There are 2 protein chains.
Amino acid sequence: MDNAPDALDTRGWEVIDRRLLVDRSPYAKVFDEDVRLPDGSVITNFVRVELPPFIIVFTQMVDSRIAFVRQYRQAIQGYTFELPAGHVEPDEDPLDAARRELREEAGIEASDWGFLGKYVMDANRQCGWAYVYLAQGGRQVATPDPGDLGVMTLHLFDRDEVRRMWQNGELVSAPTALAVGLGLEKLAT
Amino acid sequence: MDNAPDALDTRGWEVIDRRLLVDRSPYAKVFDEDVRLPDGSVITNFVRVELPPFIIVFTQMVDSRIAFVRQYRQAIQGYTFELPAGHVEPDEDPLDAARRELREEAGIEASDWGFLGKYVMDANRQCGWAYVYLAQGGRQVATPDPGDLGVMTLHLFDRDEVRRMWQNGELVSAPTALAVGLGLEKLAT
């Protein structure tokens, strides 16, 4: 039932050459990479999409509701409910970025913070790393800042409603669905 | 506690212009888009990264173990445990792609299939849509095909071990962590 070898392969790929195709720093860089595999074969023009690291926060308020933001999203040409999220600035600690974005996007400060892991959005291309946090004891301390990409509104949902939306596939943004699963699990254990 | 307006905004962005920057079809296309927001402001060079749709399958075998594959991943420069996954071919039904990839990558056929939703990997840039499936009644019917990107091996884990890896952040590939959360939830309900 299992074809795993006794000793797991640990041989990596060697990057032979790398060519910058697009530079839209700090938002995106796209490269072609030529790589040599352990068996000696070469893959050319293996596309690498470097997007900046970002944080995403599953926030439980003091009344136990979960904080979401709603905004227009160009990739899906529609509005979504998502967890507060944002880029990590250069030299910024991801936890500091999480506190900052939660305050900026949602006007929320939280008393307790936990880390739920870091995840690469595309294991071939990269497409950014997500740092996922659980924040508890959230309190509204400021008016949310809609940001520079149009109207963003804050919405608070009961945990059962969040679970229902997650189970039903209504949370179509992958980082949100990933972080909601981890957050609900952590709160339940 | 909630700044949601009574009537939710439904106004979209208008794409004014779109310029192809990179064409590595069928693997990746990168565009600059100029978009006009509902308030009339214009954003230029909003990067869009079109990656092909893909499927990912949370597979429970007849002995109740969960199927993973292990392979080298260039984005993290190391080996990962991930759920079987792969691109949807043009004009291919995503469920057919899921059956095909599970058979090709893992040598497994499953008797029962359920859909756990579709998710955009990046709500700004796109970076591909993931179609997530739950397969049950999995049986090993063929030798796994390692594919053309090096050695891939099949590994079967007990559900408790899968939950532990997921909770601990060991499943660093975002589509896998997303699909594991949804799959475990579905099996528990």
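The values are calculated or read from the model by the stated rules, or taken from the named source; none is laboratory data. This one's a predicted model, so the numbers in the text were calculated from it and none came from an experiment. All Cβ positions, even for glycine, are placed from backbone atoms using ideal geometry, and neighbour counts span all protein chains on display. SASA here: full protein model, heavy atoms, side chains in, ligands and nucleic acids out. Shrake-Rupley method; radii C 1.70, N 1.55, O 1.52, S 1.80 Å.
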*Per residue of B:166-179, count partner chain C-beta atoms within 10 Å of its C-beta, then hand back the mean as an integer.*
6
_Calculated SAXS-style log₁₀ I(q)/I(0) at q = 0.08, 0.12, 0.14, 0.15 Å⁻¹ - the protein assembly as shown, Debye, Cα scatterers_ = -0.40, -0.93, -1.26, -1.42
*Quick one: with label points 7 Å out along Cα→Cβ, list the inter-copy distances for residue B:93 in nm, shortest first?*
5.3
*Report, for residue B:34, each distance to the same residue's label point in the other copies, shortest first and in nm; define the point 7 Å along Cα→Cβ.*
3.7
*Could you tell me which of rounded, prolate or oblate describes segment A:52-131, using a ≥ b ≥ c as the square roots of the eigenvalues of the alpha-carbon gyration tensor, with rounded for a/c under 1.5 and, failing that, prolate when a/b is larger than b/c and oblate otherwise?*
oblate
*How far, in degrees from 0 to 90, does helix A:94-106 lean away from the longest principal axis of the Cα atoms of chain A, to the nearest 10?*
40 degrees
*Nearest 10 degrees, 0 to 90: what angle lies between the long axis of helix A:174-188 and the longest principal axis of chain A (Cα atoms)?*
60 degrees
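Which value, in Å³ per residue, describes the convex hull spanned by the Cα atoms of segment A:147-187?
94 Å³
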*asked:* Based on DSSP loop calls and a cut-off of at most 14 other Cβ atoms within 10 Å, the longest stretch of chain B free of exposed GluC sites (Glu not before Pro) is what?
replied: B:1-91
*With the cut-off at 20 Å, report for segment B:1-75 the share of all Cα pairs above it, as a whole percent.*
63 percent
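Estimate the FRET efficiency between residue A:118 and residue A:145 by the formula 1/(1 + (r/R0)^6), using the beta-carbon distance for r and 30 Å for R0, to the nearest 0.05.
Given R0 = 30 Å and the Cβ-Cβ separation, E is 0.70.
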*chain A - percent relative contact order, Cα under 8 Å, separation 6 or more*: 21 percent
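Per the helix-only calculation at 222 nm, which mean residue ellipticity applies to the protein assembly as shown, given -39500 (n - 2.57) for every DSSP H run of n ≥ 4 and division by its residues, nearest 500 deg cm²/dmol?
-6000 deg cm²/dmol
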_As a test of the definition: with a 1.4 Å probe, what buried accessible area, both sides summed, do you compute for A against B, in Å² to the nearest 100?_
6600 Å²
*Considering the rotation that carries chain A onto chain B, locate the chain A residue whose Cβ comes closest to its axis and report the distance in whole Å.*
A:181, 1
*At q = 0.16 Å⁻¹, work out log10 I(q)/I(0) for chain B with the Debye formula, treating every Cα as an identical point scatterer and leaving solvent out; two decimals please.*
-1.01
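To the nearest whole number, what is the average tally of beta carbon atoms from other chains within 10 Å of the beta carbons of peptide B:54-64?
Rounded to a whole number, the mean comes out at 0.
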*Can you spot the lysines whose alpha carbon is less than 18 Å from residue B:29's alpha carbon? Ignore those fewer than 8 places along the same chain.*
A:29
*asked:* Between residue B:77 and residue A:93, how high is the FRET efficiency from 1/(1 + (r/R0)^6) when r is the Cβ-Cβ distance and R₀ = 22 Å? Nearest 0.05.
replied: 0.45
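I'd like the antiparallel share, as a percent to the nearest 5, of DSSP beta bridges with both residues in segment A:48-137.
70 percent
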_Computed E for residue B:111/residue B:20 - FRET, C-beta separation, R0 30 angstrom, nearest 0.05_ = 0.10
*Diffusion coefficient, µm² s⁻¹, Stokes-Einstein with Kirkwood Rh over alpha-carbon pairs of segment A:97-179 at 4 °C and 1.567 mPa s*: 89 µm²/s
_Label position 7 Å from Cα toward Cβ: report the copy-to-copy distances for residue B:62 in nm, one decimal, ordered from shortest._
5.7
